[in-house]
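Some notes on the structure that comes next.
The values are calculated or read from the model by the stated rules, or taken from the named source; none is laboratory data. Keep in mind the model is a prediction, meaning the values are calculated, not measured. So basically every Cβ, Gly included, is an ideal-geometry build from the backbone, and we count neighbours across all protein chains shown. All accessible areas refer to the heavy atoms of the entire protein, side chains included, with ligands and DNA or RNA removed. Shrake-Rupley method; radii C 1.70, N 1.55, O 1.52, S 1.80 Å.
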Amino acid sequence: MAYLGPRLGPSRIFVPGVSVFRLFSSVGMDDMGLAMSRSPLERLDFDNVALKELPLDPSEEPGVRQVKGACFSRVKPQPLTKPRFVAVSREALALLGLSEEEVTNDPLGPEYLSGSRVMRGSEPAAHCYCGHQFGQFAGQLGDGAACYLGEVKVPPGQDRELLRENPSGRWEIQVKGAGLTPYSRQADGRKVLRSSIREFLCSEAMFFLGVPTTRAGSVVTSDSRVIRDVYYSGQPRHERCSVVLRIAPTFLRFGSFEIFKQADEFTGRQGPSYGRDEIRSQMMDYVIETFYPEIQQNYPDRVERNVAFFREVMSRTAQLVAQWQCVGFCHGVLNTDNMSILGLTLDYGPYGFMDRFDPDFICNASDNSGRYSYQAQPAICRWNLVKLAEALAPELPPDRAEAVMDEYLDLYNGFYIENMRKKLGLLKKEEPEDEILITELLQAMHNTGADFTNTFRSLSQISCPTEGEGEGEEELAKKATALLLEQCASLEELKAANKPTMDPRELAMLLSMAQSNPALFQMISDRMTIARQLDKLSRLKDLMDTSQEELKTKQAEEWTSWITRYRKRLARELEGQSDVQAVQEERVRVMDSTNPRVILRNYIAQNAIEAAENGDFSEVQRVLKVLEKPFSSQPGLELPAWVGRGGATEQGERDEGEEQQQEAASTSTDTARSPVPYDSKPPAWAHEICVT
């Protein structure tokens, strides 16, 4: 398909020998009718302020290049062959004033929302940014696959709460996977179906969990294909090119300000706009005036304004990571280029929600050192904030930035404890020992291999002690213990989970080296990694000497002990309360609206991906419906609908290799996997899923 520029209505057509006035007067009524019948996507009201306020690369030459002195480069999205919708998010599209029906019924919808056809008023561009990746400054990165389409004015009557979170009055929309940009490096600017579905579903899942996030309006797939080696195993395969429509007030990030960085002392790389300090000032003015207008109004002094801005970004980031920790979410690649300047969850790559609770949980199979593990996230976000502060200097004086960063840990802890109290139903009192109770809960979950999400969800079923209870304390504790034991791991599951990932001979060599040659040891490993491996070995040794019955007894003892302490703390919630029943009901209501019943577990996403790769998009749409109400039970939507499907729909032509792979996937799905409810612990096969 050829590149199609903005569509021109009939009144814009040049007819030789006919004046513009005559053209309007002769077809005016017909033209008005056509205008009214235009695609709703052609009626979007664009106001692309970022391209007016920030420097735009004057060059439009194709190919990868260093872009100096600019924040954006104009690009031409590359059209897809036979684009078609996989799914759309009704709630996300509503931000743009669009309905699900008018978009899905629009024959041009998949073309517009994949970048294959450019909407009137859209100005496709790619954003230039840098970043620290896995702790090292990588130099110029930028939108290698994403394409800014423009900024759509907020439609009349938009929810006031949404406008409070987005004071700019516009929603930036971009397509991810629309082809090459100056920042594509060695890649092709394309995304495939599996990664697009994962981003689409998780963006919306996070929103409905109440976690700040960018949004996803649609997924489009096509008959265009690229070759990908999914597991870097030397077995590449053809995959369908697919595109996600992303929506946010802005996609500017910490790395946006790192394009001015001087040569890095470790890597030698520098930002492409090093020395252009006036652009940094311009960017700060744009971001603060547009997205933090109250700070702009309240701080006439420039330095004080910039300090207040940094403090707000720090606070939002601390709150965001606290919310991640409380829902068991692991981002996977917390580089500075994946950190939003608005405190949103940004860029969904190898993310994962924890199943069995493990503070060392690593969702990215490429993260060999565990830099971005679950428990490391709060500290990594702090490290990234320090890098942002360095990028903002001297607009942000270093001593003032350091003083702000001194507030981070207390702020994070405050947000985390506040969320955790809600998860435990501790609403009436704040007691110092609450932190100990939370810590002991997590320790019990770790020791017993309990499922993170389902354990928290079960806690609202544990009753508060009241005077004259019908059943004895011991009987109630026994019932509560039985409830939590259902979420614990079996002996075999714990053995598999605690198997060291490092070869014993390698571990022995590194331990010896740590003693004999510490300098060399630090170059090739680190003490934290070794400590994790030794802890796994110790746990595995204990498990090898334990039977399943002994394990169950030990797990029951651990939970009974914690439940006893928890119920005593709940009893104190009722002290001085005149309406005990109302307090009890409020506790259950808050807990059940804070602890989700359903999260986007890897196996749920994998089921939807495999069905979609076989041409059946209904499971993606079904999962989205379930994720839109994560705290509620939804009759009729308890189980996936993928099992036993007799054939695929919406299929394009397949090449032979793809057909064989998808037939194999379909066979394994239908025969080797039993369906489990969306709110279930993961089935055994889910542990084999590898996300890189």
> If you go through region 213-252, how many residues are crowded, with 18+ Cβ neighbours inside 10 Å and part of a loop (DSSP other than H, G, I, E, B)?
Replying inline: 5
> So which residues in region 42-80 are farther than 21 Å from Leu252 by Cα and without any contact (Cβ under 8 Å) to a residue 12 or more places away in the chain?
Replying inline: Arg43, Glu61
>> Going residue by residue through region 616-627, is there one that turns out to be within 21 Å of the chain's Cα centre (by Cα), acidic (Asp, Glu) and at pLDDT 90 or above?
In response: yes
> Across region 434-465, which residue is nearest to Ser547 (Cα to Cα) among those that are at pLDDT below 95 and open to solvent by 20 Å² or more (accessible area, probe 1.4 Å)?
Replying inline: Ser463
> Quick one: would you say Leu388 is closer than 24 Å to Phe137 by Cβ and either modelled with pLDDT of 95 or more or in contact with a strand residue (DSSP E or B) (Cβ under 7 Å, 6 or more places away or on another chain) (or both)?
Replying inline: yes
> Restricted to region 530-545, and to residues that are touching a residue at least 24 places away in the same chain (Cβ under 8 Å) and closer than 15 Å to Glu492 by Cβ, which residue is least open to solvent (accessible area, probe 1.4 Å)?
Replying inline: Leu543
> Is it true that some residue in region 466-474 is open to solvent by less than 50 Å² (accessible area, probe 1.4 Å) and either in contact (Cβ under 8 Å) with a residue 12 or more places away in the chain or hydroxyl-bearing (Ser, Thr, Tyr) (or both)?
Replying inline: no
> Counting only residues that are part of a strand (DSSP E or B) and open to solvent by 10 Å² or more (accessible area, probe 1.4 Å), how many does region 253-262 have?
Replying inline: 0
> Would you say Ile197 is β-branched (Val, Ile, Thr) and either open to solvent by 10 Å² or more (accessible area, probe 1.4 Å) or part of a helix (DSSP H, G or I) (or both)?
Replying inline: yes
> Restricting the search to region 81-97, which residues are open to solvent by 50 Å² or more (accessible area, probe 1.4 Å), in contact (Cβ under 8 Å) with a residue 12 or more places away in the chain and under 27 Å from the mean Cα position of the chain (by Cα)?
Replying inline: Glu91
> Taking region 483-504, which residues are open to solvent by 30 Å² or more (accessible area, probe 1.4 Å) and either in a helix (DSSP H, G or I) or in contact with a Pro (Cβ under 6 Å, 6 or more places away or on another chain) (or both)?
Replying inline: Leu483, Leu485, Glu492, Glu493, Lys495, Ala496, Pro504
>> Quick test for you: out of Asp410, Asp367, pick the one residue that is over 20 Å from the mean Cα position of the chain (by Cα) and either farther than 20 Å from Phe452 by Cβ or open to solvent by less than 20 Å² (accessible area, probe 1.4 Å) (or both).
In response: Asp410
> In region 520-533, is there at least one residue being part of a helix (DSSP H, G or I), at pLDDT 90 or above and farther than 28 Å from Cys464 by Cβ?
Replying inline: no
